[in-house]
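Trainee: Below is a structure I'd like to ask you about.
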Amino acid sequence: MTRASIASRLRVSDTVLASLAVCLAASIPYLSTIRNYFVADDFGVVQLLSSKPALYFPRWFVSSWMDQIWGFTPDEVRPFVAASYQLTALWGAASPEANHLLNIAFHAATGLLVLAIARTVARVSLIASTFAAVAFVLFPFQAETVAWITGRVDSMPAFFYLATFLTYARWRAPGPSSPWLYMASLGLFFVALFCKQNTITMTATIVLYDVIVGKRMVRLSWTWLWPYLPYTAMTVGYLWVRYVLFGEVARESQLSLEAISLTSGFLVRHLQRSLFGTPAAASPLAWAILAVAAGGLLWQARRARTNLPRGSAALLLYFGPVWWLLGVAPILVAGYESPRHIYLASVGWAIVLGLALEVLRTIRSFETRRALTSVFVAGLIALYLVQLWPAVGAWNRSAAVSRKAVADLEREALAASEGTLLIVSAPVRSWEWAVPFVARPPYTQSDLTKRVLIVSPWLLHCCRSQWWDDARRTLGTWSARRDRSGVVVLRWDAQAGTLSRVTDRDDPALGALMELLRGTDTLEALNSGILRIADRLAISPVAR
C-alpha cells in the first residue's frame, strides 16, 4: 500500500467520523421527542394529508396542500412536503413516531450538508467544518423545526436549498466539472421550490456567490448569464403558478408600512437568536463579549491571512450578512414570528463560526491556540446545549399534555349523554388550531363531534374566521335541547396536564352561564367568557 493510498484512507476515515459526530449531535438531543404526541397544527395537517390517496400527489402541484381546513385556502403549494406525510402515515396516521424520526433525519442530513458546504465551498479544515455543522444542529432555536412535526415545512426546503447550492458550487469549482452536477442542482431546486416559497431567493444566492466569492464580475453577455437562466425560469414559472392559483405572486398584499414595521421587530429578535441562541441571552454583556471576540478574531485574521483559506474575507461577507439577509428576506411577508423561519438563514452563521475557528487555529503558540480553541468550541456548544435542553423539554411537556387531553376528551365524550355541551380549554401550545380535529379519527376511535357539542376558546379553534359563528351555533343547538343535555367544562394544566372538570350537576349555575354566553354580541366577549369559566376550575379544580 502506497503512502498516498494510506493518506487517502485516513482522510476518508476522518470524514466518516466527522459525519458521524454531526449525525449524533443532531439526533441525541431529540431522541426524547420520538414518541411525542401531536400538538397544535399537527392535528389538522396529519388528518388531512394522511387521508389522501397515493395518486393524489400530482394535484398538489396545482392546488393548496391544505385545502380549506383552516377556514380559508392557504397560498401554499407544497407537494413534496405533503407527500412526506403520506409516507409517514404508512406506519399509522395516529402514530407520531415516524413523523418525528423523519424530522430528525432531515435535521441530521441538513447538518451533513452544512459540513460539506463549510469543507468544500468555504474551504475550511475538517475540524472547523465539523464544528460549524455541530453548532448548526445544536442551535437552540432549531427545536421548533425538529421537535414539532409541522416544523418539517422549514427543514425540508432548507435541505433541498442547501443541496441545490452545494451542487452548483461544486459545478462552479475550478478544474473539470461535470454537467451532471449542474443538472442535479436544477433538479434539487425544483424540489426546493415545491417544498416552500421561501426558496425563491436561490437565483440571488448563486449570483451573489459567483460575484462575491467566485469573483465573476457582472457582464451582460450570454456566457455570464446562461447558468442563471434555468433557475430564473423555474422561479418565474413557480411564481406564475402561485399567481394563477391564488391571485398573488409572493403575498405582496401583506407588504404595508405596518407589516414592515412589525417585521423589523421580528428581524431584531431573529438576529439575537442567531448570535446568542435566544433573544433573552442578548444582554449588554453578551454584546460586549461578542464585540471583543470579533475584534480579536479580525486582528488575528489580519496577522495570519496567508494561512487562511483563499478569499476568506469574501467568504465571511457572503456567509455572514449576505446569506443571513437572503435567508430572512421572505419573513417580510410571513406575517408572524417563528424561530423556525431562520432555520435556513442560520446556516450562514454556523459557517461563520467555522471560519472563526479556522482563524484561531492560525495562532502560533500551541498553548495559546489550544486554550482559545477549547474555550471557543466548548463554550459555544455548552451555551447551545444549556438553551436547547429546556427548549426540547418544553415541546415534550406540550406533547404529553396534548396526548392526555385527547384521551381525556374521548373518555368524557363517550361517558356523557348525547348532546352534552363540552367546554374544553387546553394549553394553547398543545392545542392551538387543533379543535375540532382532536375529536375525530385518527386521534379518536369515532367522530366525537357527532355525539357531543364542543366549544373551545378562539385560539384553539381550527378556523378563527369561523369561530364566532360556529361557537354561537353550537351554543344555540345546545340551548334548544337544554332539558335533555348537560354541560361539562374541561380544563388541562399546562405543566402536568392535570384535568379539572365541573358539570352543571356540580355547579347548577353553568346552564345559566351558557345562556349568557350565547347572548354575547362580540367575538372578544364570547372568548373571554369561555376563558373565565375555564379559569374558575384553575382556582377550585376538581382534578382527575
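The values are calculated or read from the model by the stated rules, or taken from the named source; none is laboratory data. All of these numbers come straight from a predicted model, not from anything done at the bench. Please note: Cβ atoms are built from the backbone with ideal geometry, for glycine as well, and neighbour counts cover all protein chains shown. Quick note on the areas: whole protein, heavy atoms, side chains included, nothing else; ligands and nucleic acids left out. Shrake-Rupley method; radii C 1.70, N 1.55, O 1.52, S 1.80 Å.
Trainee: From SER63, SER50, SER13, SER19, which residue is more than 18 Å from the chain's Cα centre (by Cα) and under 18 Å from PRO96 (Cα atoms)? Can you show your working first?
Mentor: Values: SER63 fails: under 18 Å from PRO96 (Cα atoms); SER13 fails: under 18 Å from PRO96 (Cα atoms); SER19 fails: under 18 Å from PRO96 (Cα atoms).
Going through SER63, SER50, SER13, SER19 in turn, the sole match is SER50.
Trainee: Run down THR88, THR145 and say which single residue is part of a helix (DSSP H, G or I), open to solvent by less than 40 Å² (accessible area, probe 1.4 Å), β-branched (Val, Ile, Thr) and modelled with pLDDT under 95. Step through it out loud before you land on a result.
Mentor: Details: THR145 fails: modelled with pLDDT under 95.
Answer to the selection: THR88.
Trainee: Quick check on the stretch 61-75: of everything there that is touching a residue at least 40 places away in the same chain (Cβ under 8 Å) and in contact with a Pro (Cβ under 7 Å, 6 or more places away or on another chain), which residue is least open to solvent (accessible area, probe 1.4 Å)? Please lay out each step first, then the result.
Mentor: Just the residues of the stretch 61-75 that are touching a residue at least 40 places away in the same chain (Cβ under 8 Å), to begin with: 61-64, 69-73, 75.
When the remaining residues are screened for being in contact with a Pro (Cβ under 7 Å, 6 or more places away or on another chain), the result is 61, 64.
Working: PHE61: 44, SER64: 8 Å².
Out of the qualifying residues, it is SER64.
Trainee: Another question, if that's okay. Just to be sure I understand the filter: pairs with C-beta atoms under 7 Å, separated by 6 or more residues or on different chains, first member in the stretch 175-204 and in contact (Cβ under 8 Å) with a residue 24 or more places away in the chain and open to solvent by 30 Å² or more (accessible area, probe 1.4 Å), second member outside any loop (DSSP other than H, G, I, E, B) and among the small types (Gly, Ala, Ser). Which pairs pass?
Mentor: So the pair list comes out as LEU188/ALA163.
Trainee: Being open to solvent by less than 50 Å² (accessible area, probe 1.4 Å), polar (S, T, N, Q), closer than 26 Å to TYR85 by Cβ and part of a helix (DSSP H, G or I), is that true of even one residue in the stretch 519-536?
Mentor: No, because not a single residue in the stretch 519-536 is open to solvent by less than 50 Å² (accessible area, probe 1.4 Å), polar (S, T, N, Q), closer than 26 Å to TYR85 by Cβ and part of a helix (DSSP H, G or I).
Trainee: Give the residue, chosen from ALA122, ALA158, ALA135, that is touching a residue at least 40 places away in the same chain (Cβ under 8 Å), touching a Phe, Trp or Tyr at 6+ places or on another chain (Cβ under 9 Å), part of a loop (DSSP other than H, G, I, E, B) and within 13 Å of VAL347 (Cβ to Cβ).
Mentor: Working: ALA158 fails: part of a loop (DSSP other than H, G, I, E, B); ALA135 fails: part of a loop (DSSP other than H, G, I, E, B).
Of ALA122, ALA158, ALA135, the one residue that is touching a residue at least 40 places away in the same chain (Cβ under 8 Å), touching a Phe, Trp or Tyr at 6+ places or on another chain (Cβ under 9 Å), part of a loop (DSSP other than H, G, I, E, B) and within 13 Å of VAL347 (Cβ to Cβ) is ALA122.
Trainee: Could you check, for the stretch 28-36, whether at least one of its residues is open to solvent by 50 Å² or more (accessible area, probe 1.4 Å), touching an Asp or Glu at 6+ places or on another chain (Cβ under 8 Å) and touching a residue at least 24 places away in the same chain (Cβ under 8 Å)?
Mentor: Looking only at the stretch 28-36, we keep the residues that are open to solvent by 50 Å² or more (accessible area, probe 1.4 Å), and these are 28, 31-32, 35.
When the remaining residues are screened for being touching an Asp or Glu at 6+ places or on another chain (Cβ under 8 Å), the result is 35.
Those still in the list that are touching a residue at least 24 places away in the same chain (Cβ under 8 Å) too: 35.
Scanning the stretch 28-36, I find at least one residue that is open to solvent by 50 Å² or more (accessible area, probe 1.4 Å), touching an Asp or Glu at 6+ places or on another chain (Cβ under 8 Å) and touching a residue at least 24 places away in the same chain (Cβ under 8 Å), so the answer is yes.
Trainee: For the stretch 247-274, enumerate the residues that are hydrophobic (A, V, I, L, M, F, W, C), modelled with pLDDT of 85 or more and surrounded by fewer than 16 Cβ atoms within 10 Å (Cβ to Cβ).
Mentor: Result: VAL268, single match.
Trainee: ARG429: in a helix (DSSP H, G or I), within 26 Å of the chain's Cα centre (by Cα) and over 26 Å from GLU524 (Cα atoms), yes or no? Break it down into steps so the answer makes sense when it comes.
Mentor: Values: in a helix (DSSP H, G or I): yes; within 26 Å of the chain's Cα centre (by Cα): yes; over 26 Å from GLU524 (Cα atoms): no.
So ARG429 fails the test.
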